[in-house]
Amino acid sequence: MMHLTDEQLIARDDVNDLHLAECEHCRLKAEKLAGIRQQLQKLPTHKLPVDLWPSVKQAELTERRKHQLESSEKRAKFWQISSFALAASLLVTGVWVGVFQSSNSQVDGGLAEQVNLLIDQNKELQLQLKSRSGRELEGNFEFNRLTQELDKLDARLQRVYMQPGNLIEKNKLWSMRKILLVELNLISKDRHSIESDKKAIRI
Amino acid sequence: MADSKGFSQQLPKAVIKAAKNGEIDALELIYRTYSDAAYTLALRICREPSLAQDVVQDVFIKVMKSIHSFREEGAFAGWIRRIVSNETINRIRRQNHLQLVNDEQISNLASESLFEQEWLMATRDLDSMLGKLTESARAVLVLHEIEGYSHKEIGDMFEKSESFSKVTLSRAYKALKKLADKPSSKIVSGNK
Ligand SMILES: [Zn+2]
């Protein structure tokens, strides 16, 4: 009679079990293996010597913050793009031509010129900003906050241009917009030089 | 909270649900319930307390991160245990601690004398004997004989075949028997 090998005893299957039912010799061996297995099952458990929860929790909270930041960055990025696009469309469609056309008195003429100047300054600042702002600004809260402000202003400007006249309001909005762009440029300039400094240090 | 019942402990479904919703208290309860079991399993395989602690930390960070993907029809403890097993195997694989049997070794393997005497009954310190096995032998022994994974599952964890697991297991038994016969002998062939 061919007995089961150790390997067959360890890895039991239906055929092996059939043999075991008929063979006392192999059954005894199988019982010894079962005894070893029982002892293995009874091995002591170990207690974690340190509480890892604080670091696990910290990692989880950091992960959540990172996630939050990423989604707020995405939102800011969206606003940044839409804001640039809107402002560009206002500038390109020659809004300032409309400004002159809507002015018919001397007083209005002076104000219209001022608005015109503001639009040019906005255009210039916007170009500067565009050339500077890169990926490194994506996580900058202040930059993101200001671009959102810019977007709100653009929406207001668009509404103002839907109605004729109202030069005073236009003047006010373009001035506010100019201030925002100056601030944005300052942030991106700082960031830009920090990044260049970093690069210089690395070299 | 955690006791010797290890992975056989079950948490109420409400706790799992709360954890999936990101509630920190529920996540902590999961950690408190299974961290000792996770540590025990990792330590049994790798035998290095600091490495086992690293494994446990990484496992629970992973659990927190991916709990939303846990399908509730499966056993939650089993899900964590699988992550612990995989993580431990990956760690020791990365550290090149594993000496894996090759095909040549697989073919010349067959014995009939392993279970003729009750050699293990005479051995008081099975735990320290396990410490003298190769990491792959110990890992397969622990995963198959204690944790109840199939050879197929173990083969997958090692990115090896089912027969790799089978062969490694019988080699582990042979090594254990040698150690039981000669308790002073340091280790069997092919060990690190
Ligand atoms: Zn037989």
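Points worth noting:
- Cβ-defined net charge surrounding B:A26, 15 Å radius [Lys, Arg +1; Asp, Glu -1]: +2
- Label-point gap, in nm, between A:A34 and A:E142 - each point 7 angstrom along Cα→Cβ: 7.7
- Distance between the pseudo-spin-label points of B:S150 and A:T45 (7 Å out from Cα toward the beta carbon): 2.7 nm.
- Within the straight-line cut-off of under 16 Å between alpha carbons, the lysines reachable from A:K42 are A:K32, B:K5, sequence neighbours fewer than 8 places apart in one chain being disregarded.
- Per residue, the average separation of C-alpha pairs within less than 8 Å and at least 6 apart gives the stretch B:6-94 a relative contact order of 35 percent.
- Protection proxy ranking of A:119-132, A:156-169 - average other beta-carbon atoms within 10 Å, highest first: A:119-132, A:156-169
- Taking 0.36 nm per residue of sequence separation and removing the Cα-Cα distance, the B:Q95/B:R32 pair yields an extension gain of 19.8 nm.
- Full-extension gain in nm, A:L127 to A:D14, via 0.36 nm per residue minus C-alpha separation: 32.8 nm
- Members of B:K132/B:K166; B:K65/B:K160; B:K13/B:K65; B:K65/B:K152 lying beyond 24 Å, as alpha-carbon distances in this model show: B:K65/B:K160; B:K65/B:K152
- Set of lysines with alpha-carbon distance to A:K170 below 24 Å, sequence-local pairs under 8 removed: A:K123, A:K130, A:K152, A:K178
- Taken along the Cα-to-beta-carbon direction at a fixed 7 Å, the label points for A:E22 and A:R156 span 9.6 nm.
- In sequence order, calculated HN-Hα J values of the stretch A:153-170 (Karplus, 6.51, -1.76, 1.60; Hz; x Gly/Pro): 4, 4, 5, 5, 4, 4, 5, 4, 6, 6, 10, x, x, 6, 4, 4, 5, 4
Every read-out reported here was derived from the displayed coordinates using simple, explicitly stated rules and does not represent laboratory data. Computed from a predicted structure; not experimentally measured. Because the Cβ atoms are built from the backbone with ideal geometry, glycine has one as well, and the counts that use them run over all protein chains shown.
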